[in-house]
Amino acid sequence: MDPILLEVLRNELSSITEEMAITVHRTAKSPILRMGDFATSLIDAKGRLVGLGAAMHLHATMFMRVMPFILDKYKGAGFKPGDVIICNDPYAGAAHMPDVIVVMPVFHQHQLAGFSIIYSHQPDIGGRFPGGFSSHCAESYEEGIRLSNLKLYEAGVRNEGIVDLLKANIRASDEWMGDIEAKLAGCWRGAREFEQVIEKHGIERVNACFEYLIDHAERTMRAAIAAVPVGDYSGEAMLHDDGFGTPGVQFPIKITLRFRGDKLIVDFTGTSRQLKSALNMPYSNTLGQVFSGVHSVLCQDGVFNSGSVKPIEFIAPSGSLVNPEFPAAVGGRAPVIFLLTDALHSAFSKVLPERIWVPPDGGDVVHISGQRADGSTYTTMDLMWGGWGGRPAMDGVDGAGRSYSTVPVELIEREGPVVVESFGLVADTGGPGKYRGSLSVFREYRFLRPAKIMVRTNRPFEAGAGLAGGGRGGPSVNYLTRVGREPEVLPRGTHVHLEVEPGDRLYHRVAGVAGHGPASERDPKLILRDIAEGKLTPNAAQEQYPVSLDPEALRLATSGKEYC
Amino acid sequence: MRVAFDIGGTFTDIVILQDNKQVYFAKVLSLIDKVGEDIVSSIAHLNTNEPVDYFVHATTTASNAVIEGKTPRTGLLTTRGFRDVLELMNQKGNRLLDPRWTRLPPLVPRPLRLEVTERVLADGMVAKALDFDSAMQAIFRLRDAAVEAIAVCLINSYVNPVHERALAELVRQVLPNCHLSLSSEVNPEGREYERTSTTVINASLLPVINHYLDRLEKHLNRYSTRLLIMQSNGGTMTSAMARKRPISMVESGPAAGVLAASQYARELAFGDVLSFDMGGTTAKACLILNGRPIEKAYGEIGGNVSAVSMRGTGHALRVPSLDIVEVGAGGGSMVWIDEAGGLRVGPISAGADPGPVCYGRGGTRPTVTDANVALGYMNPVTIADGTLGIDRNAALEAIRTQVAEPLKMSTLAAAYGIIRVANATMTRALRAVSTERGHDIRKMTLIAFGGAGPIHAAALCENVGIKTVLVPPHPGLFSALGLLLAKTRLDYVRTLEELLRDMSRARFDAIFGEMESQAKSDFDRQNIDGSDMRFERIADIRVGFMRDEMTLTLEGPDSTDPDNIAVQFREAHQREFGFPGEGDLYIVNTRLRAVSATSPLSFQGLHEMALQTSTFEKHTRMAYFGAFGEMATPVISRRSIDQPLRGPLIIEEKDTTVIVPPNWTASRERLNGILLRYKE
């Protein structure tokens, strides 16, 4: 292995995946893709992910998982230059069906040398509900069109039959095809650049570097696992919704981390059976959340590729909530993603309490569709993040998400007859702790014309649990205020559908995020800072923090004359 | 006499043009207490009675104030319900969920972000009138807090600024001496976070820049009251304008170098070029198409230095700027070995203090400069015109023990590896400005300058397939030289957000006409001769609800004809993305650039003034070139190149070194440029 070429190549591959990302981002049509719900990567000829690319672990895992399905399906027919494969099938490597993957083979001297790969969340996929991610579906068939690694292009020729089928079954299909075009442009650019890199360094040397990187990632992960004391550590989180809003139900997500030397077994035994609704986790997302969590806890600064996941084995009973059997619906799995991470961090905290933080939260959605005054239709998928939780030695970050951004208010108001009345942080909702979690984020909408709404609330019943003695954040709330009426609290549930009339208002609040460590140990200076910033009222400070504050300092903080 | 000065973090470069025939250069340490004094003492030093026509100045004062958090206490007035917009920064977080990540603190703390009751809708209609009591209450709070500046940004004010103007009136009555910026004047474009952030940055810089210019002009005024400031867009503005729009000068420093490169390329009739400016801590690249640098309408400040445009987590700053991409690789970048056994360079820099190991000033970790010294590229005894001693053995020893032995390589191979890795990082900047924007880099010429640029240029180009490199005269002072060439420029923007097919030629002409009269009156008010003013009309257009607008320059007789604009847009989209883009076209913004047409000076003019370059005896030293091994390499001066010479060569100059590897040739071109060509 040439250490110089290794670094040169890593720079080049990062540059290529970034180029792919910029291409997709700039050509994309749909607002959701514009917010950043997509990822790009490069794959070697054996179907292995060689670098994270412009992706999060969750999506990189989906890429790792879909490639064996593709290689297997075409092991006879093979690949030709100009082929394009398309996939969204939760039972063939993909996740929920609106996430559509596009893959393009890369060639060197007529030999298959690798693949460029992109997924993005598309605004629709046909099926019963606009958007394709409601929990109210009972079977995969209701969720839309399943594309099981089809060749959309064969040797450069588009399969018009597939295109006609898609156009006939998908809402706003022109915009939809626009996003596919954007991914094609990104894959095409990635493939071309990847070919040039191989040409420049030679396929053997490039492959040798890939082998080294994959081996190295495996060794690093094994060493990190081996450093954790052998033993079994469990964590659990509870889902309080069956997907249809039935009150009083609960379904456990249980994880046991079995550390066995340089091997980790992730055991989901004790987790609920699959549900009749669409709250089931597609298996690739289950793997992705585990890999993401394990990698970020054990080797945050290490490389992540197909080697990193080799030392991790799974016991995930078939037919369970985290490994459902066909034809279970999976579109509404987002709330379970967060609960799974809670359970994982809780398990880790049993063995590495000093290193484990409360994971970031949020990703609630208000999906609005209706008609403008001129009769044209619009769809706004507004996405709000919760924020970051308390960490060992650091507060969380108020209202920060991941790489995606929220939709600007002025953009929402321009796109459809909706007024956003307010958007911000809610005082007293940060999970108390030595290091507190993020405050709740809220938005209030006023509708100028009739519209259909779906509100996705990831934590409709209770906010996430704290670690090391930290408390939960404030709960999620949804209020609907009909014209001329008092505000009513909407029924609790992960996915709530409703229709609104002109003048109606909807208030949505994302749950606050939990704190880390006992509230009694919080530095009084930080409590006073939060009071001065209006993020904590003096009354709530008294309730949440058993800490005595200097009366003079408290008076000053409350006076509004302290400016941080 | 014209006086240009570029104040950087460590050094101030001064270039004085005397009698239109003689150029005087000086490099002095930047001492903030002495700002202005050093400039006038340089003039006094020349012992001349020639009056100063004007000063022209580039500075990092504005960007440093924001990056280092040294802006004064600033207040924000915004629409009720939106005070957290500034803090939430569109809710962007960290993609990899790094548990150590934290957000930049907001430029205005929460207690100073105050809400007033009012509302304007997206179509400009007033839904709720401005409530006088809530406005006065907020203004009194800011008065009690003794803020030095106030930013006003209300929702949808880019469509209808009526409430912002009314608020401004009230602020002026209560706080007549407080600095004030309105979003509808500073940046009348949609998207509330970006507009708020831009307005807040402008407001908070007003006291900083006014104070700075007061001090500077106190000294300069003895010679001339005419001070021009380089803007981020590569044009100059008067200091009077800078006092109102300090956001325009945030990227003042890097812009001057790009401007010099574009003018140099134009005069030598090179078509498409890349400017490459490498200094001590970073390398900067910018694409110049047909003599014009690429610009961007959006940027940010305070995030990490990165070639990667989508990961930004800095404060949004929407001001037209040259599209310069910066990466953390410079002469001082430190070398390390990562957990995968890979060799890494930067982004941490040893800076000037303690600096590289070879400076012998306490640096212990090898840097890029140490590798250049070890390889024999840089003078092994002294650099910087003899002012700085070099210890080559110390550099070799540091590389041997910290890089070569752990990686089981020879010391020279390790040093060469350091250069390759640094070049790989810089390659990302070059790609970010070219291939990532759909331009074929291999047909371009690289213009290399800055202290370290000409050392790395040829090897860097081999990486990306560029075959020609141009090294202008005085590469180390090139940015300051660029100031003397700058034209005056002002930018204007109007947001339309309309379907292109609903627009008419007459409507476009009326809008541009209005912006042009505004520009004329601004030029008049600043006493800038507007007789040679040239206008460029620009349109930002997007397809459907595509995220980003594309910018089109409208030229020619039918330039404002909507059909013609549509055709041009589809062609540009095809070029950039490989397909024409389906769907309705929206006209987002119209922009106007008002530029004085003639450059005050040319390189041709400078050349005729016989710029001095150093001469010395030709000699040889050993230098290492990878697969070619160590070679006895001639060390020559620029002046001695009178015919094309084959590499390897080392061309030593006062302020830098030009490395001509084997496989490359060097020749001297017009205007004293050195042209390097790759021979396969």
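The values are calculated or read from the model by the stated rules, or taken from the named source; none is laboratory data. None of the values given here were measured: they were computed from a predicted structure. Don't worry about glycine lacking a Cβ; one is built from the backbone with ideal geometry, like all the others, and counts go over all protein chains shown.
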- Query: For region A:298-328, how many residues are part of a loop (DSSP other than H, G, I, E, B) and of a type in the set (Phe, Trp, Tyr)?
  - Reply: 2
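Does residue A:461 qualify as being of a type outside the set (Gly, Ala, Ser), more than 14 Å from chain B (Cβ to nearest Cβ) and in contact with a Lys or Arg (Cβ under 7 Å, 6 or more places away or on another chain)?
It is true that residue A:461 is of a type outside the set (Gly, Ala, Ser), more than 14 Å from chain B (Cβ to nearest Cβ) and in contact with a Lys or Arg (Cβ under 7 Å, 6 or more places away or on another chain).
Looking for whichever is within 14 Å of chain B (Cβ to nearest Cβ) and under 22 Å from residue A:466 (Cα atoms) here; the options are A:304, A:268, A:291. Which one fits?
On the way: A:304 fails: under 22 Å from residue A:466 (Cα atoms); A:268 fails: within 14 Å of chain B (Cβ to nearest Cβ).
Being within 14 Å of chain B (Cβ to nearest Cβ) and under 22 Å from residue A:466 (Cα atoms) holds for just one of A:304, A:268, A:291, which is A:291.
Could we say that residue A:386 is within 10 Å of chain B (Cβ to nearest Cβ), at negative phi and in a strand (DSSP E or B) here?
yes
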- Item | residue A:85 being of a type in the set (A, V, I, L, M), free of Cβ contacts under 8 Å to residues at least 60 places away in the same chain and either in contact with a helix residue (DSSP H, G or I) (Cβ under 9 Å, 6 or more places away or on another chain) or not assigned by TED's automatic domain parsing to the domain that holds residue A:122 (or both) | no
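Just for strands (runs of 3 or more DSSP E) wholly inside region A:29-110: which have at least 2 residues that are among the charged types (D, E, K, R)? Outline the logic, then answer.
Details: elements: A:38-44, A:84-87, A:99-108.
Output list is empty.
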- Task: From the list B:49, B:64, pick out the single residue that is out of contact with any helix residue (DSSP H, G or I) (no Cβ under 7 Å at 6 or more places or on another chain), away from chain A (no Cβ under 12 Å) and in a loop (DSSP other than H, G, I, E, B).
- Result: B:49
- Task: May I ask you to list the residues in region A:248-276 that are out of contact with any Gly (no Cβ under 9 Å at 6 or more places or on another chain) and either part of a helix (DSSP H, G or I) or farther than 25 Å from residue A:356 by Cα (or both)?
- Result: A:248, A:249, A:250, A:272
- What residue, among those in region A:389-429 that are more than 9 Å from every other protein chain (Cβ to nearest Cβ) and touching a His at 6+ places or on another chain (Cβ under 9 Å), is nearest to residue A:525 (Cα to Cα)? A:393
- Query: When only residues in region B:131-145 that are in contact with a strand residue (DSSP E or B) (Cβ under 7 Å, 6 or more places away or on another chain) and more than 9 Å from chain A (Cβ to nearest Cβ) count, which is farthest from residue A:447 (Cα to Cα)?
  - Reply: B:142
- Scanning for something within 11 Å of another protein chain (Cβ to nearest Cβ) and surrounded by fewer than 17 Cβ atoms within 10 Å (Cβ to Cβ), does region B:146-167 turn up at least one residue? yes
- Filtered residues of region A:168-197 (kept if part of a helix (DSSP H, G or I) and away from chain B (no Cβ under 13 Å)): A:168, A:169, A:195
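Every residue, every condition in (1) at pLDDT below 85; (2) part of a loop (DSSP other than H, G, I, E, B), yes or no:
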| site | (1), (2) |
| --- | --- |
| B:336 | no, no |
| B:339 | yes, yes |
| B:348 | yes, no |
| B:365 | no, yes |
| B:371 | no, no |
| B:397 | no, no |
- All strands (runs of 3 or more DSSP E) inside region B:421-534 with 3 or more residues being at pLDDT 85 or above and either basic (Lys, Arg) or farther than 30 Å from residue B:557 by Cβ (or both): B:445-449, B:468-471
- Task: Working only within region A:371-385, note down all residues that are at pLDDT below 90 and among the small types (Gly, Ala, Ser).
- Result: A:375, A:376
- Message: Of everything in region A:398-409, what is at pLDDT 90 or above and surrounded by fewer than 24 Cβ atoms within 10 Å (Cβ to Cβ)? Give them in sequence order.
- Response: A:408
- Among the listed residues B:58, B:65, which satisfies the condition of being within 30 Å of the chain's Cα centre (by Cα) and surrounded by fewer than 23 Cβ atoms within 10 Å (Cβ to Cβ)? B:65
- Message: It is to be established whether one or more residues within region A:410-420 are in the same structural domain as residue A:465 (by TED's automatic domain parsing), touching a helix residue (DSSP H, G or I) at 6+ places or on another chain (Cβ under 8 Å), within 28 Å of residue A:462 (Cα to Cα) and touching a residue at least 60 places away in the same chain (Cβ under 8 Å).
- Response: no
- Task: Select from region A:436-452 the residues that are farther than 30 Å from residue A:59 by Cα and crowded, with 21+ Cβ neighbours inside 10 Å and write down the one among them that is nearest to the other protein chains (Cβ to nearest Cβ).
- Result: A:445
- Does residue A:180 count as crowded, with 16+ Cβ neighbours inside 10 Å and more than 23 Å from the chain's Cα centre (by Cα)? no
- Look at residue A:510 and say whether it is away from every other protein chain (no Cβ under 14 Å), in contact with a strand residue (DSSP E or B) (Cβ under 7 Å, 6 or more places away or on another chain) and either over 30 Å from residue A:453 (Cα atoms) or surrounded by 19 or more Cβ atoms within 10 Å (Cβ to Cβ) (or both). no
- Message: Going by what's in this entry, would residue B:439 be described as more than 10 Å from chain A (Cβ to nearest Cβ), of a type outside the set (A, V, I, L, M, F, W, C), touching a residue at least 12 places away in the same chain (Cβ under 8 Å) and crowded, with 24+ Cβ neighbours inside 10 Å?
- Response: no
- Does any residue in region A:57-72 that is over 12 Å from residue A:93 (Cα atoms) come within less than 7 Å, Cβ to Cβ, of a residue that is aromatic (Phe, Trp, Tyr) six or more places away or on a different chain, and which pairs are these? A:57/A:291; A:57/A:304
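Yes/no matrix, rows are residues, columns are (1) on the phi < 0 side of the Ramachandran plot; (2) part of a loop (DSSP other than H, G, I, E, B):
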position: A:405; (1), (2): yes, yes
position: A:413; (1), (2): yes, no
position: A:428; (1), (2): no, yes
position: A:473; (1), (2): yes, yes
position: A:480; (1), (2): yes, no
- Message: I'd like the full set of residues that are surrounded by 15 or more Cβ atoms within 10 Å (Cβ to Cβ) and within 14 Å of chain B (Cβ to nearest Cβ), limited to region A:538-559.
- Response: A:556, A:557, A:558
